[in-house]
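The values are calculated or read from the model by the stated rules, or taken from the named source; none is laboratory data. Not measured: the values here are computed from a predicted model. Counting neighbours? That spans all protein chains shown, and the Cβs are built from the backbone with ideal geometry, glycine included.
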């Protein structure tokens, strides 16, 4: 993985993410027994990875055995493996989208959340949305400067760095790690205060902590920062219903 990241850093690319596939051969180059897929961000960080092998029907159906020893046969094998990896990635993305959509619904209907927090808890400054708008120490300010410098190296924009940090935050959120998620959202907001994914993330963290008033504020900010997004608007409407029901001691509106 480290070698792959080093190679990635040495080659500039325009896309926000890079898909890297390793084809795993047992003893020769005629049969592929696994495909390790990495999705790297521009910083060379592993944003997402998975292994495709004989435990997956897609891999079995691809029949990744070279039909001969010629270069043409090997090239065809590589092409089939690449297509299988890309198809698997698309399936993973669709699955993640469904999880994201279902998570917001279950937050209110089933009272289940990807990650949970506690309302009346004294969180550290980096686990408060926007760092709690608190005054930072000299050490914390120096750490911020170093982080910004790191995320904007090689001419990378602060906006691009913020987008990567925010998406990592959402990965942590859906993995159930609220602590890591809010830290990533704060890093994204530090880089770009207008980053919509970070503001949306703040709202989700507040909801998990039962801070619905604060969640509404961050959702409204997120709505202001870009074009109309039906999913964002849906989250806002559902949170408003929950807030109304809570303030009137009722069940959430359906």
>> Given the criteria under 28 Å from residue 160 (Cα atoms) and either at pLDDT below 75 or not assigned by TED's automatic domain parsing to the domain that holds residue 18 (or both), does residue 98 qualify?
In response: yes
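For region 34-73, how many residues are part of a loop (DSSP other than H, G, I, E, B), touching a residue at least 24 places away in the same chain (Cβ under 8 Å) and more than 30 Å from residue 164 (Cα to Cα)?
As a first pass, look at region 34-73 and keep what is part of a loop (DSSP other than H, G, I, E, B): 42-45, 54-56, 63-64, 66-70.
Subset that is touching a residue at least 24 places away in the same chain (Cβ under 8 Å): 42-45, 56, 64, 66, 69.
Those left that are additionally more than 30 Å from residue 164 (Cα to Cα): 64, 66, 69.
Of the residues in that region, 3 qualify.
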> Out of (1) assigned to a loop (DSSP other than H, G, I, E, B); (2) closer than 20 Å to residue 130 by Cα, the odd one out for residue 148 is which?
Replying inline: (1)
> How many residues does region 218-245 contain that are loosely packed, with under 15 Cβ neighbours inside 10 Å and closer than 24 Å to residue 131 by Cα?
Replying inline: 3
>> Given (1) more than 11 Å from the chain's Cα centre (by Cα); (2) buried (at least 21 other Cβ atoms within 10 Å of the Cβ); (3) closer than 25 Å to residue 140 by Cα, identify the lone condition not met by residue 159.
In response: (2)
>> Are there helices (runs of 4 or more DSSP H) fully within region 165-234 with at least 3 residues that are touching a residue at least 40 places away in the same chain (Cβ under 8 Å)? List them.
In response: 178-191, 196-208
> Got at least one residue in region 182-194 being on the phi > 0 side of the Ramachandran plot and either over 11 Å from the mean Cα position of the chain (by Cα) or not assigned by TED's automatic domain parsing to the domain that holds residue 241 (or both)?
Replying inline: no
>> Being at pLDDT below 90, in the same structural domain as residue 123 (by TED's automatic domain parsing) and out of contact with any helix residue (DSSP H, G or I) (no Cβ under 8 Å at 6 or more places or on another chain) is the requirement here; does residue 228 meet it?
In response: yes
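Out of 151, 130, which single residue is surrounded by 15 or more Cβ atoms within 10 Å (Cβ to Cβ) and either modelled with pLDDT of 95 or more or in the same structural domain as residue 46 (by TED's automatic domain parsing) (or both)? Steps first, answer last, please.
Values: 151 fails: either modelled with pLDDT of 95 or more or in the same structural domain as residue 46 (by TED's automatic domain parsing) (or both).
So the residue among 151, 130 that is surrounded by 15 or more Cβ atoms within 10 Å (Cβ to Cβ) and either modelled with pLDDT of 95 or more or in the same structural domain as residue 46 (by TED's automatic domain parsing) (or both) is 130.
Listed here are the residues, each with its yes/no results for (1) closer than 30 Å to residue 172 by Cβ; (2) within 31 Å of the chain's Cα centre (by Cα); (3) modelled with pLDDT of 85 or more; (4) not assigned by TED's automatic domain parsing to the domain that holds residue 163.
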residue: 32; (1), (2), (3), (4): no, yes, yes, yes
residue: 39; (1), (2), (3), (4): yes, yes, no, yes
residue: 44; (1), (2), (3), (4): yes, yes, no, yes
residue: 64; (1), (2), (3), (4): no, yes, yes, yes
residue: 70; (1), (2), (3), (4): no, no, yes, yes
residue: 73; (1), (2), (3), (4): no, no, yes, yes
residue: 77; (1), (2), (3), (4): no, no, yes, yes
residue: 81; (1), (2), (3), (4): no, yes, yes, yes
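Taking the stated definitions as given, is residue 204 under 20 Å from the mean Cα position of the chain (by Cα), within 23 Å of residue 16 (Cα to Cα) and buried (at least 20 other Cβ atoms within 10 Å of the Cβ)? Let's see the steps before the verdict.
Values: under 20 Å from the mean Cα position of the chain (by Cα): yes; within 23 Å of residue 16 (Cα to Cα): no; buried (at least 20 other Cβ atoms within 10 Å of the Cβ): yes.
Answer is no for this residue.
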